[in-house]
1. Which of the residues that make up region 198-226 are assigned to a loop (DSSP other than H, G, I, E, B), more than 16 Å from ligand 1 (Cβ to nearest atom) and not small (Gly, Ala, Ser)?
2. Looking only at region 165-197, count every residue that is buried (at least 22 other Cβ atoms within 10 Å of the Cβ), out of contact with any strand residue (DSSP E or B) (no Cβ under 9 Å at 6 or more places or on another chain) and in a loop (DSSP other than H, G, I, E, B) and tell me the total.
3. Condition first: touching a residue at least 12 places away in the same chain (Cβ under 8 Å), within 16 Å of ligand 2 (Cβ to nearest atom) and in a strand (DSSP E or B). Can you find one or more residues in region 117-129 that meet it?
4. Would you be able to say whether some residue in region 34-54 is surrounded by fewer than 19 Cβ atoms within 10 Å (Cβ to Cβ) and part of a loop (DSSP other than H, G, I, E, B)?
5. Can you name the residue in region 198-210 that is more than 16 Å from ligand 2 (Cβ to nearest atom) and open to solvent by 40 Å² or more (accessible area, probe 1.4 Å) and is also farthest from Lys127 (Cα to Cα) among such residues?
6. Being of a type in the set (Val, Ile, Thr) and within 16 Å of ligand 2 (Cβ to nearest atom) is the filter here; which residues of region 138-170 pass it?
7. Restricting to region 198-215, name every residue that is touching a strand residue (DSSP E or B) at 6+ places or on another chain (Cβ under 9 Å) and within 19 Å of Ala245 (Cβ to Cβ).
8. Which condition does His10 not pass, out of (1) in a helix (DSSP H, G or I); (2) within 14 Å of the chain's Cα centre (by Cα), if it passes all the others?
Amino acid sequence: MSPPELFDTHAHLHFPEFTDDLGEVLSRARAAGVTRMVTIGTDVATSKAAIELAGREVDVWASVGIHPHDAGEADDTAFAEIARLAREPRVVAVGEIGLDFFRNLSPRDDQERVFRRLLALGRELGKPVLIHCREAHDDVLRILAEARAGEIGGIMHCFSGDATIARRCPDLGLAISLAGPVTYPNARALPDVARLVPADRLVIETDCPFLPPQGHRGQRNEPAYLALTAARVAELRGEKLEFLAARLSENARRLFKIP
Ligand SMILES: [Zn+2]
Ligand SMILES: [Zn+2]
């Protein structure tokens with residue numbers, strides 16, 4: 001029996017952690033049923049690398065953006081480059097973008113400036129936005145509401161909020177993406193979130209090489225491990241894995257407009 005089809009909506013396959021064995025990583029992903037992946041840029045250089053990889057692999061698409069950690073460096077040249085790259089045919093989204101008040105690696109004003117500017121780019125191009133948010137949910141949701149994100153569509157990637165925040169996301173036009181942390185014994189609000197998100201608003205991701213699921217903690221994460229996250233979400237929702245996997249893949253394909 002072949003495994004159910006999975007869609008990894010957020011990976012960083014072009015990062016240096018995969019340079020030595022990307023071919024094997026992709027083979028294991030395909031063997032585990034991961035039939036589609038989006039590899040995510042975090043600045044101009046990694047966005048270019050993401051597009052290059054997506055150009056080589058038929059089951060990998062790219063997203064381009066400037067991560068809040070890199071917002072302090074973003075000047076007009078960087079915005080112009082991202083705007084140009086975002087028009088490439090293999091680019092299915094703008095991101096990751098957002099606010100990170102947990103690590104605060106860039107000044108908050110810069111984070112917000114970049115976030116707003118690239119939300120506008122997503123709107124202009126009709127491409128969904130991929131949101132990174134840590135310890136900043138009120139500000140992120142306020143900015144998304146002001147930007148009328150519901151008309152753009154997007155994903156709250158690696159969702160780390162609570163049930164109250166999760167309930168507000170569908171109204172803002174956002175899907176919620178669960179990553180490895182939903183499998184941890186100390187998953188806090190995430191099991192509740194997994195149960196309450198409407199079936200048409202849920203997707204999953206690895207965020208590899210980061211955040212490996214339970215059983216692989218301390219190791220490099222990779223798309224093949226998405227099967228563990230899918231199994232845990234199915235268990236929490238009391239749904240059959242095959243049924244849930246098909247639904248989540250369909251949600252991702254619709255969002256990214258991938259046939
Ligand atoms: Zn992120
Ligand atoms: Zn990421």
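The values are calculated or read from the model by the stated rules, or taken from the named source; none is laboratory data. Everything numeric here is computed off the predicted structure, so don't read it as measured data. Positions of Cβ are generated from backbone atoms using ideal geometry, with glycine treated the same way; all protein chains shown enter the neighbour counts. With ligands, DNA and RNA removed, areas are computed over all heavy atoms of the protein, side chains included. Shrake-Rupley method; radii C 1.70, N 1.55, O 1.52, S 1.80 Å.
1. Of everything in region 198-226, those that are assigned to a loop (DSSP other than H, G, I, E, B), more than 16 Å from ligand 1 (Cβ to nearest atom) and not small (Gly, Ala, Ser) turn out to be Pro198, Pro213, Gln214, His216, Arg217, Gln219, Arg220, Glu222.
2. 0
3. Within region 117-129 (the criterion being touching a residue at least 12 places away in the same chain (Cβ under 8 Å), within 16 Å of ligand 2 (Cβ to nearest atom) and in a strand (DSSP E or B)), the answer is yes, since at least one residue qualifies.
4. No, every residue in region 34-54 fails to be surrounded by fewer than 19 Cβ atoms within 10 Å (Cβ to Cβ) and part of a loop (DSSP other than H, G, I, E, B).
5. Taking region 198-210 first, the residues more than 16 Å from ligand 2 (Cβ to nearest atom) are 198-202.
Restricting the remaining residues to those that are open to solvent by 40 Å² or more (accessible area, probe 1.4 Å) gives 198, 200-201.
Values: Pro198: 22, Asp200: 19, Arg201: 17 Å.
Per the stated criteria, the residue is Pro198.
6. Within region 138-170, the subset of a type in the set (Val, Ile, Thr) is 140, 143, 152, 155, 164-165.
Of everything in region 138-170, those that are of a type in the set (Val, Ile, Thr) and within 16 Å of ligand 2 (Cβ to nearest atom) turn out to be Val140, Ile155.
7. Once the filter is applied, which keeps residues that are touching a strand residue (DSSP E or B) at 6+ places or on another chain (Cβ under 9 Å) and within 19 Å of Ala245 (Cβ to Cβ), region 198-215 yields Asp200, Arg201, Leu202, Val203, Ile204, Glu205, Thr206, Asp207, Cys208.
8. The one condition His10 does not meet is (1).
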